[in-house]
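Working notes, beginning with the structure itself.
The values are calculated or read from the model by the stated rules, or taken from the named source; none is laboratory data. On a predicted model such as this, the values are computed, not experimentally measured, just so you know. Cβ placement follows ideal geometry from the backbone for every residue including glycine, while neighbour counts extend to all protein chains displayed.
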Amino acid sequence: MTKGTVNILSRIVWLAMLWPGFGFCAETQPQETGEGTFERDWPAVSMAYKRATLSSKLDERIASIVVKEGQAVKKGDVLLRFSYEQIEAKIAMAEVEAEFKDRVESSRTRYEFLSRESERSKKLSEGAMIPEAEFDKDRTEKELARLEVEELKRNSRLADTKLRVYKAEAEDYVVRSPIDGVVADLWAKEGEMARVGQALLEVLDPKVIEVRVHLREEHSMNVSANQEVAVKFPAASERPVPGAVFFVGPSVDSSSGTFTVKILTEPGVEHIKPGMSCQVRFLPPKNPEGRPEGPSH
């Protein structure tokens with residue numbers, strides 16, 4: 001959540017504390033002066049501000065589902081697990097392959113011994129105390145030992161990389177919630193074979209609601225970011241709840257002649273749910289003394 005969004009939510013809480021009833025004041029009552037009047041209740045749609053549809057990242061059998069629809073979850077909670085046998089076997093094999101440390105040390109010790117033997121043979125050969133062929137043999141064994149050490153070190157690095165890759169892949173075998181919220185939809189079934197990209201379940205936060213309203217272009221001067229609003233959810237409550245504008249569309253849709261305004265509200269009322277139809281009243285800006293300014297048209 002951005003810093004701006006946090007500020008908007010803080011303003012909403014402040015509004016709710018300041019105006020417990022949050023009733024509309026006389027200056028902002030609907031005016032029956034035609035469709036072009038700005039100070040009226042605008043029809044709007046609502047939705048969860050934070051929601052996440054979780055999809056499968058692999059082709060694998062679903063081993064277990066540990067949540068059910070309607071269940072509250074926290075960020076990081078396990079929601080679903082895939083069959084783990086194949087990746088577990090890969091990790092076990094990679095761990096065995098990664099055990100090159102002792103072999104590398106053993107080969108390095110052998111190489112160091114052969115290096116000393118080769119130096120000794122070189123001196124003896126130069127003094128004609130041993131045949132040159134024996135020196136060549138010691139030198140060849142030393143070189144072969146060096147190549148073995150390099151090969152083992154290379155294999156060790158490759159095995160470590162493979163192990164890290166498999167362990168990273170293993171994370172995809174467990175599906176976790178990316179947010180605090182509620183399991184809204186559950187399409188996956190235990191035992192079924194999931195495919196890459198297949199939608200498994202959806203989690204949303206019902207507490208913070210985004211409201212969208214489409215205004216005609218002539219009202220573009222009447223709305224600004226952080227502007228306070230009152231939102232009514234007629235099906236759930238007669239009282240409006242406070243909200244604030246967090247986005248004003250930068251362009252007008254040429255076909256409808258409207259632009260989009262997005263609002264955040266945190267109702268705190270159990271029966272108000274994302275997706276409900278609603279109405280928005282844009283409150284007039286306040287002057288420096290904190291009193292509402294005159295109505296805008």
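Looking at Glu293, is it assigned by TED's automatic domain parsing to the domain that holds Met47, at pLDDT below 85 and of a type outside the set (A, V, I, L, M)?
no
Do you know which residues across segment 156-192 are of a type in the set (Val, Ile, Thr) and either closer than 16 Å to Val66 by Cα or within 25 Å of the chain's Cα centre (by Cα) (or both)?
Val165, Val174, Val175, Ile179, Val182, Val183 - these are the residues of segment 156-192 that are of a type in the set (Val, Ile, Thr) and either closer than 16 Å to Val66 by Cα or within 25 Å of the chain's Cα centre (by Cα) (or both).
Take segment 257-266 and flag every residue that is in a loop (DSSP other than H, G, I, E, B) and within 14 Å of Ser220 (Cβ to Cβ).
Gly257
Being outside any strand (DSSP E or B), more than 16 Å from Lys273 (Cα to Cα) and touching a residue at least 12 places away in the same chain (Cβ under 8 Å) is the filter here, so list the residues in segment 222-255 that pass it.
Asn222, Val223, Ser224, Ala225, Asn226, Gln227, Gly249, Val252
Out of all the residues in segment 184-206, is one or more hydrophobic (A, V, I, L, M, F, W, C), in a helix (DSSP H, G or I), in contact (Cβ under 8 Å) with a residue 40 or more places away in the chain and closer than 28 Å to Ala89 by Cα?
For segment 184-206, residues hydrophobic (A, V, I, L, M, F, W, C), in a helix (DSSP H, G or I), in contact (Cβ under 8 Å) with a residue 40 or more places away in the chain and closer than 28 Å to Ala89 by Cα: absent.
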